[in-house]
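Beneath this line is the structure, given in structure tokens, with notes to follow.
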Amino acid sequence: FDSSFAPSLGLAAVRMMGRVTTVVGSVASVTGVQGRGAKLDRRKMCRKAAFPFAAGILSGILCSTLKFMQTYVDDDNWIEENLVFDSTAYGSFGTCMSFMIVFRTAQSYSRYWEGIVAVYEIMGYLFNAASNCLAFARITKAEEMQVTNFKRLVVRLFSLLFCLVLRELEGSEVSSESALKFPVLDPRGIDQKTRAHLLNFKSHSRPEQVYQAISKVILDAQSSGVINTPPPIVGRIYQEMGLGMRTFQCAMKLAVVDFPAPYLLALKMMLVVHMLLTPVAVISWATTVAFSGFFCFVLVFTMFGLMQLAAELDNPFLDNGFGFDKMILQQKLNKALVTILLEEGRPVASLSQTAAILGSDDLEEMQASLIERGSMMSVMPKLPGQVEDSD
């Protein structure tokens, strides 16, 4: 055995893995697997597929070995008499296991989309609350600088809140500003004491802390006259924030609660049995060594691959190489917050002086004209044999 063969083999394996990741990336870009809003890490994807691939290779080698021995070595037909069994039992077992895997994958797919919908709803609720804060501050008794500082602080806090929500759903700890991962609108614009308290690594409820901080800022703005809107209308802000936090807590169940363990244990045991039975079942009807090994590999790899796919879809918030890109959502909310903050500095929309003055007669005539243009029956020709309705 040449000692230089092992490093050469390892180098060849590394090169092969690099080629596989390149091919996977090319296929993903061409076929649209990595679509809008999706994130695909080629290296992580190859690592996730390593276990199903290894199980398929192991089963395929076992099947090829048995078929080779049956064809060229076993002259007494010992394998056929002692190992080969009726394919009906194998088919029944495979059908039962396939049903369980399909059910598992369907549930994981449902959890995946439920998580994505929840994150988008949270973003919408927080944006509505921030927009209402800025709009309600237009009716104020405070100084202009005080109102401007309130608006800038609110925008920063809402951006920080959504960032911490995403990090909490990922299950990641935030110990400092550098660990936020997602871009926040100028976090250093928040005072040092509040920033240190909200990003305290000993705290395990950071989104709730930021939520409470925003509530206190809004309440202080009401008491100081920055927001002079009637309290029942201001309550709309708290309603939107409450809906966002309730949706966040509902989404946390997808990140914390896993698929039932007994079901997964039973399914994994069935997969192991299937991996051992498939080589014996394939050699009973396969004609060649190569075909038996290849078909066995496909069967085992498919089942293990579906199981791995379901495991990846269970929690859509994990940064595991698959899933949607949460960075896009954070950037989208940041752009929306900056947009409404800039809009507050612009004049209020008003009617142009050159606008036509319409009286009641003109409006009625315009309405009749629109109704006549929108009527499909007035412009459509009569069909052959069509009977005209009579009153």
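The values are calculated or read from the model by the stated rules, or taken from the named source; none is laboratory data. Predicted model only: the values in this text are computed from it and were never measured. Cβ sites come from the backbone with ideal geometry, for glycine too, and all protein chains shown count toward neighbours. Note: areas computed on protein heavy atoms with side chains; ligands, DNA, RNA excluded. Shrake-Rupley method; radii C 1.70, N 1.55, O 1.52, S 1.80 Å.
What is the gain in length, in nm to one decimal, between Lys181 and His204 on full extension, counting 0.36 nm per residue of separation less the C-alpha to C-alpha distance?
Once the chain is fully extended between Lys181 and His204, it gains 6.6 nm.
Taking Cβ atoms as reference points and 14 Å as the exclusive limit, the residues near Asn132 contribute a net charge of 0, counting Lys and Arg as +1 and Asp and Glu as -1.
R0 = 51 Å: FRET efficiency of Met269 with Gln239, Cβ-based, nearest 0.05?
Working: r = 49 Å, r/R0 = 0.96.
Calculated value: 0.55.
With the simple spin-label model, which puts each label point 7 Å out from Cα in the Cβ direction, the Ser224 to Val117 separation comes to 4.1 nm. A crude spin-label estimate for the pair Lys335 and Glu365, with each label 7 Å from Cα along the Cβ direction, gives 4.5 nm.
Is the range 104-213 rounded, prolate or oblate when judged by the Cα gyration tensor, a ≥ b ≥ c being the square roots of its eigenvalues, rounded requiring a/c under 1.5 and prolate requiring a/b larger than b/c?
Working: a/c = 3.14, a/b = 1.52, b/c = 2.07.
Note, shape of the range 104-213 comes out oblate.
Largest first, the extents of the alpha carbon coordinates of the range 218-276 on the three principal axes equal 75, 16, 14 Å.
Taking 0.36 nm per intervening residue step and subtracting the Cα-Cα distance, what contour gain separates Asp325 from Ala290 on full extension? Spell out each step's value before the answer.
Numbers: separation 35, 0.36 × 35 = 12.60 nm, distance 4.17 nm.
Fully extending the segment from Asp325 to Ala290 adds 8.4 nm.
Suppose R0 equals 45 Å; then what is the FRET efficiency for Ala54 and Arg246 from their Cβ-Cβ distance, rounded to the nearest 0.05? Present the calculation step by step, with values, prior to reporting the outcome.
On the way: r = 44 Å, r/R0 = 0.97.
After rounding to 0.05, the efficiency reads 0.55.
By a 1.4 Å probe calculation restricted to protein chains, His197 has an accessible surface near 110 Å², given to the nearest 10. The 3J(HN,Hα) values that the Karplus relation (6.51, -1.76, 1.60; θ = phi - 60°) gives for the range 141-154 are, in residue order, 10, 8, 6, 5, 5, 5, 5, 5, 5, 5, 5, 5, 5, 4 Hz. Gly and Pro appear as x. In this simple spin-label approximation, Ile139 and Thr71 carry label points 7 Å from Cα along the Cα→Cβ vector, and these lie 8.6 nm apart.
Backbone geometry of the range 118-133 corresponds, through the Karplus equation with coefficients 6.51, -1.76 and 1.60 at θ = phi - 60°, to 3J(HN,Hα) couplings of 4, 5, 5, 5, 4, 4, x, 5, 5, 5, 4, 5, 5, 4, 5, 4 Hz, x marking Gly and Pro.
Given a Förster radius of 56 Å and the C-beta distance between Ser350 and Arg47 as r, what FRET efficiency does 1/(1 + (r/R0)^6) yield to the nearest 0.05? Present the calculation step by step, with values, prior to reporting the outcome.
Numbers: r = 60 Å, r/R0 = 1.07.
Efficiency for this residue pair is about 0.40.
Each Lys and Arg Cβ is given +1 and each Asp and Glu Cβ -1; about its Cα centre, the range 159-309 then shows a dipole of about 120 debye. Proximity of backbone amide H atoms, modeled 1.01 Å from N, is registered between Phe324 and Lys39 at under 5 Å, excluding neighbours fewer than 5 places apart on the same chain.
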